[in-house]
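Trainee: Quick one: the structure is below, and I'll ask about it shortly.
Read the figures in this text as sums done on the coordinates, not as results from a lab. Because the structure is predicted, anything quoted here is derived from the model rather than measured. Cβ placement follows ideal geometry from the backbone for every residue including glycine, while neighbour counts extend to all protein chains displayed.
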Amino acid sequence: MDALTSGSHRLVHIDLKGAPLRVSYYEKLFPLLRAWGATGLLLEWEDTFPYTRELAAIGSNGPDAYSSGYSAQEARQILQLAGDSGLAVIPLVQTFGHMEFVLKHEEWRSLREVPTFPSSMCPSNPGALPLVKMLIKQIVTFHPDIQYLHIGADEVWHMGMCAACSKRISTGKHGKAGLFLEHVMAVLHFIKETYPHLKIIMWDDMLRSVDASVMNEYYIGKYVEPMIWHYNSRETFGLPPDLWDRFGSVFLNVWGATAFKGATGSCQHIPTITHHLSNHERWLEELSMNVNKIIEFKGIAFTGWSRYDHYATLCELFPTSIPSLALCLKTWLHGYNEQTHVQVAKDLGYIEFPLLITPQPRPIPIPSNLQYPGWQVAVGIEWYLNYKTKFHGLVNSEHHSFHRYVTRTVSSRKLHESTNGPDILQFNLGRVDWHKRLSAEE
Ligand SMILES: [Zn+2]
């Protein structure tokens, strides 16, 4: 296993959806990732990328862009910093599902598979492929030194629902799988023709239930390398039992993807490190059992999701997950044991306070001085969670009047059925009233 894990790629996924990091942060982060054993980055720009011309509206140059998106100069600086640290960059650009950042714009709305949902694109729409080509061209042009491109293609939830796609499914030889493969193959052919030097990766989930014979009919194995993702801990880990055999008979190279954050809850504040360690340990077992079924294992991506999709809430902020990432990288390379834990904890500055990997009853003691970039954010979130616990303890204990009052206020105004401003304002005014009343009673 050592040769397998240390002799293959180890990519850290930087998911910029909703939480792009400052450029100055990468100056500190990238050398650490390299020191901890990473060989590259899986860089998911989404709407933080400085798209130009026809695509300007969807990225950081757009009129309604997040102010925290990157300028072209900043984006180039990030790539330069990655190169300076010896980290290869593999950009990820979505080409089928998870296209919310594009399809939410009026200009691209007509390309939705389902008019009310902006996630999936309709592959039967004549404008779909030209859009994908534009996205890929701008991304590849901006990354002149890349060897790999990741085309996403995961979780295409609304596939085959419009009239044209339904017809293709009912009349096509391979139904839904055929519809998916035809679009993906069109994307793959375009990339291979335009950028013959590029190797291509895609997420595996839409292929997990497709017969090997069907995949081979499309020759997909000649064009792309699947990245098998699974983020569960040992208790619920479960890839299809024949997956490795099937992929082994279709693809030359196969990748894996674990998670160090962003996989245990869409509102998670800090990672449950034991979950992520268990995920990595189980992946190591999975590989040792199945690697003989594939030709080459190319490497692993340590995914760190910022949010579950474009519209979802943020989950763990990157700095809160540095300890999890460091431990997962070490576990991947050397296995998890007491010695690994002690060394990582020491390197991160957990000297007087332990580096906890299991959730503890709060409030917990919190360190005041650590040694990794963004530790202040991590400590701030810990303080917040301590206060949150104290607050809930207060309102759920002897102060029943507060609990009843809030419940009555919410119920009477039917706040749970409404999200408009005046109601929320009334709710907050109610809380101020309660505070005044409580003060008067005291
Ligand atoms: Zn369609």
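Trainee: When you take every Cα atom in the stretch 252-383, what is the radius of gyration, and what is Dmax, the widest Cα pair distance, in Å?
Mentor: In Å, with Rg to one decimal and Dmax whole: 15.9, 51.
Trainee: Can you tell me the orientation of helix 375-395 relative to the chain, as the angle in degrees between its alpha-carbon axis and the longest Cα principal axis, to the nearest 10?
Mentor: The answer is roughly 50 degrees.
Trainee: Using a Förster distance of 41 Å, how high is the FRET efficiency between Ala19 and Lys173, based on the Cβ-Cβ distance and rounded to 0.05?
Mentor: 0.40
Trainee: Something else about it: Sorted by average packing, counted as other Cβ atoms within 10 angstrom per residue and highest first, what order do 291-303, 212-224, 163-175 take?
Mentor: Ranking the peptides 291-303, 212-224, 163-175 by packing returns 291-303, 212-224, 163-175.
Trainee: Next question, about the same structure. Give me log10 I(q)/I(0) at q = 0.11, 0.12, 0.16 Å⁻¹ for the stretch 7-152, Debye formula, one equal scatterer per alpha-carbon, no solvent.
Mentor: Debye intensities relative to I(0), on a log10 scale: -0.42, -0.50, -0.85.
Trainee: If packing is taken as the mean number of other Cβ atoms within 10 Å per residue, what is the order of 374-381, 43-50, highest first?
Mentor: Peptide ranking by packing, descending: 43-50, 374-381.
Trainee: Right, something else. Working out 0.36 nm times the residue gap between Met185 and Glu217, then minus their Cα-Cα distance, what length gain in nm do you get to one decimal?
Mentor: 10.4 nm
Trainee: Additional query: Of Lys388, Lys133, how do they rank once you tally other Cβ atoms within 10 Å and put the fewest first? Don't jump to the answer; show the numbers that get you there.
Mentor: On the way: Lys388 13, Lys133 16.
With the fewest neighbours first, Lys388, Lys133 line up as Lys388, Lys133.
Trainee: Around Arg10, which amide H atoms from residues at least 5 apart in sequence, or from another chain, sit under 5 Å from its own amide H, with H modelled in the peptide plane?
Mentor: Counting only residues 5 or more places away or on other chains, the set is Thr39, Gly40, Ile300.
Trainee: If you don't mind, there's one more thing I want to ask. With the Cα gyration tensor of the stretch 88-219 in hand, give its eigenvalues times 5 under a square root as the equivalent ellipsoid semi-axes, listed largest first in whole angstrom.
Mentor: Each semi-axis is the square root of five times an eigenvalue, giving 23, 19, 12 Å.
Trainee: Arrange the following residues from fewest to most other Cβ atoms within 10 Å of their Cβ: Lys17, Lys390.
Mentor: So the residues, fewest neighbours to most, are Lys390, Lys17.
Trainee: Pairing the Cα long axis of helix 128-142 with the longest principal axis of the chain, what angle in degrees results, from 0 to 90 and rounded to the nearest 10?
Mentor: Tilt of helix 128-142: around 80 degrees.
Trainee: Here is a follow-up. Considering only DSSP beta bridges whose two residues both sit in the chain, what percent are antiparallel, to the nearest 5?
Mentor: 5 percent
Trainee: To continue, here is another question. Please report the projected area of the stretch 133-185's Cα convex hull averaged over all directions, in nm².
Mentor: Hull-based average projected area comes out at 4.6 nm².
Trainee: Report the paramagnetic label zone for Leu356: residues of the stretch 363-382 whose backbone N is under 12 Å from a point 7 Å from Cα along the Cα-to-Cβ axis.
Mentor: So the set is 363-367, 382.
Trainee: Between their Cα atoms, which of Lys176/Lys293; Lys199/Lys298; Lys137/Lys199; Lys173/Lys222; Lys176/Lys199; Lys199/Lys293 are more than 19 Å away from each other?
Mentor: Among Lys176/Lys293; Lys199/Lys298; Lys137/Lys199; Lys173/Lys222; Lys176/Lys199; Lys199/Lys293, the Cα-Cα distance tops 19 Å for Lys176/Lys293; Lys173/Lys222; Lys176/Lys199; Lys199/Lys293.
Trainee: Angle, helix 421-441 long axis vs. longest principal axis of the chain, Cα atoms, 0 to 90°, nearest 10?
Mentor: Helix 421-441 sits roughly 30 degrees off the main axis of the chain.
Trainee: Rounded to the nearest 0.05, what FRET efficiency is calculated for Ala164 and Met134 with R0 set to 35 Å and r the Cβ-Cβ distance?
Mentor: On the way: r = 22 Å, r/R0 = 0.62.
After rounding to 0.05, the efficiency reads 0.95.
Trainee: As an exercise, use a Förster radius of 30 Å and the Cβ-Cβ distance of Ala72 and Leu252 to find the FRET efficiency, rounded to the nearest 0.05.
Mentor: Efficiency for this residue pair is about 0.25.
Trainee: Here's another thing I want to ask about it. Quick one: Trp229, Trp332, fewest Cβ neighbours within 10 Å first, how do they rank?
Mentor: Numbers: Trp229 18, Trp332 25.
Lowest to highest Cβ neighbour count: Trp229, Trp332.
Trainee: Sort largest first and round to whole Å: the equivalent ellipsoid semi-axes of the chain, each the square root of five times a Cα gyration tensor eigenvalue.
Mentor: Working from the Cα gyration tensor, I get semi-axes of 39, 30, 22 Å.
Trainee: Here's a follow-up. If you average the sequence gap of Cα pairs under 8 Å that are 6 or more apart and divide by the length of the stretch 171-316, what percent do you get for the contact order?
Mentor: 23 percent
Trainee: Right, another one. What does a probe at Ser397 reach in the stretch 348-381, counting residues whose amide N is under 14 Å from the point 7 Å along Cα→Cβ?
Mentor: Only 362-363 pass the distance filter.
Trainee: Pairs of Cα atoms under 8 Å, at least six residues apart: use those to get the relative contact order of the chain, whole percent.
Mentor: 14 percent
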